[in-house]
Amino acid sequence: MRIIAGPCQHESLEQSLEIARECKKWCDHFGYEYYFKASYDKANRTSMGSPRGLGLKKTLFDLSKIKNELNVNILTDVHDREELRYILFFFNHVIDVIQIPAFLSRQTDLITDACKSGKIINIKKGQFMAPWDIKGILSKTEGAKDVWITERGTSFGYNRLVVDFVGMVSILRDLGNACVFDATHSVQRPGGGGDKSDGDRGYVPSLLRAAAAVGVESFFLEVHPDPDNAPSDGPNMIHLSDFYSMMNMLDKMTWRDLATKYENTPDRFRTIQEEMPEVQS
């Protein structure tokens, strides 16, 4: 299982170290592959006054320190080709995964340049896209070490997202790519707070279980020691103190290991039920 976890935006070296250390501890405990994530700039903000982060240079220096101290994989998002060139020239050794934000998921030049780096590319599926639209994006990914597709909710009217679990199955089955489920952004209410986004982290555990049940084995979680006072995405981030319980919950899903034996087909769950009677209830 793969876990991507960290704060929405990088706020300080001390805080990011605290988060990365705790997440790595429990991922190591359960045998999960861990990637620390943090953003240097939250460029897509609801309003001009929304906090955006510490910036490219400061954040990348701090991510370098986190990588060296904790020996963790690092993921960060990029917003334009100039930022990408800067990262690859000065911090190529620091970043393991380049993330393409959802609202930039169709930006051809950004995606093709990122893939030329030879790194893993995590593309967040735009909230406006159908699962089958991913095929067009994948045509732009030549050269990437690997390509992950992250489901982070689909727009459903105003200030509302819904999660398409059938779409996640199609990404796994039809496209053959790793499907990452972003459980925290999926409970976001974009712009729902007036001059900022809103959300409800209380739905995160249920959505994690549902995604694991359809065969997803990669999860994205934004985590914070005090999310109610975070500068961005606080309502949908989970408390750092709850991270262990989330990982333990995934580990306790008794059908997780069994499910990996079967392809993602409509018959899979009937087979699971035959082998595990307790699931039938």
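All of the numbers you see were taken from the coordinates with simple rules; none came from a lab. Since the structure is predicted, the reported quantities are computational estimates derived from the model, not experimental observations. Cβ atoms come from the backbone with ideal geometry, glycine included; neighbour counts cover every protein chain shown.
Listed values, structure above:
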quantity	calculated
Complete set of residues in region 53-72 that are under 17 Å from Tyr86 (Cβ atoms) and in contact with a strand residue (DSSP E or B) (Cβ under 9 Å, 6 or more places away or on another chain)	Gly53, Leu54, Thr59, Leu60, Leu63, Ser64
Subset of region 120-163 (residues that are touching a residue at least 24 places away in the same chain (Cβ under 8 Å) and among the acidic types (Asp, Glu))	Glu142, Asp146, Glu151
Qualifying positions in region 197-239 - under 18 Å from Ser16 (Cβ atoms) and within 15 Å of the chain's Cα centre (by Cα)	Phe220, Leu221, Glu222, Val223, His224, Asp233, Met237, Ile238
Residues of region 2-54 classified as over 18 Å from Val94 (Cβ atoms), crowded, with 19+ Cβ neighbours inside 10 Å and out of contact with any Pro (no Cβ under 9 Å at 6 or more places or on another chain), total	4
Number of positions in region 179-192 that are over 15 Å from Val214 (Cα atoms) and assigned to a strand (DSSP E or B)	2
Count of residues meeting criterion [among the acidic types (Asp, Glu), surrounded by 15 or more Cβ atoms within 10 Å (Cβ to Cβ) and outside any helix (DSSP H, G or I)] in region 193-250	4
Members of region 121-150 that are within 20 Å of the chain's Cα centre (by Cα), among the hydroxyl-bearing types (Ser, Thr, Tyr) and over 18 Å from Glu217 (Cβ atoms)	Thr141
In region 79-119, residue farthest from Asp41 (Cα to Cα) [restricted to those that are in contact (Cβ under 8 Å) with a residue 40 or more places away in the chain and not charged (D, E, K, R)]	Val97
Of all residues in region 1-51 being of a type in the set (D, E, K, R) and without any contact (Cβ under 8 Å) to a residue 12 or more places away in the chain, the one that is nearest to Val78 (Cα to Cα)	Glu14
Filtered residues of region 1-35 (kept if among the charged types (D, E, K, R) and over 24 Å from Lys57 (Cα atoms))	Arg2, Glu22, Lys24, Lys25, Asp28, Glu33
Restricting region 136-178 to residues that are of a type in the set (A, V, I, L, M) and in a helix (DSSP H, G or I), the residue that is farthest from Asn122 (Cα to Cα)	Val166
Condition check for Ala144: in contact with a Cys (Cβ under 9 Å, 6 or more places away or on another chain), of a type in the set (A, V, I, L, M, F, W, C) and at negative phi	yes
Within region 101-120, considering residues that are more than 23 Å from Phe61 (Cβ to Cβ) and crowded, with 20+ Cβ neighbours inside 10 Å, the one nearest to the chain's Cα centre (by Cα)	Ala102
Ala43 being under 16 Å from the mean Cα position of the chain (by Cα), closer than 22 Å to Cys8 by Cβ and small (Gly, Ala, Ser)	no
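Quick grid of which residues meet (1) over 14 Å from Leu207 (Cα atoms); (2) of a type in the set (Gly, Ala, Ser); (3) touching an Asp or Glu at 6+ places or on another chain (Cβ under 9 Å):
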residue: Lys125; (1), (2), (3): yes, no, yes
residue: Val162; (1), (2), (3): no, no, no
residue: Ile171; (1), (2), (3): yes, no, yes
residue: Leu175; (1), (2), (3): yes, no, no
residue: Val180; (1), (2), (3): no, no, yes
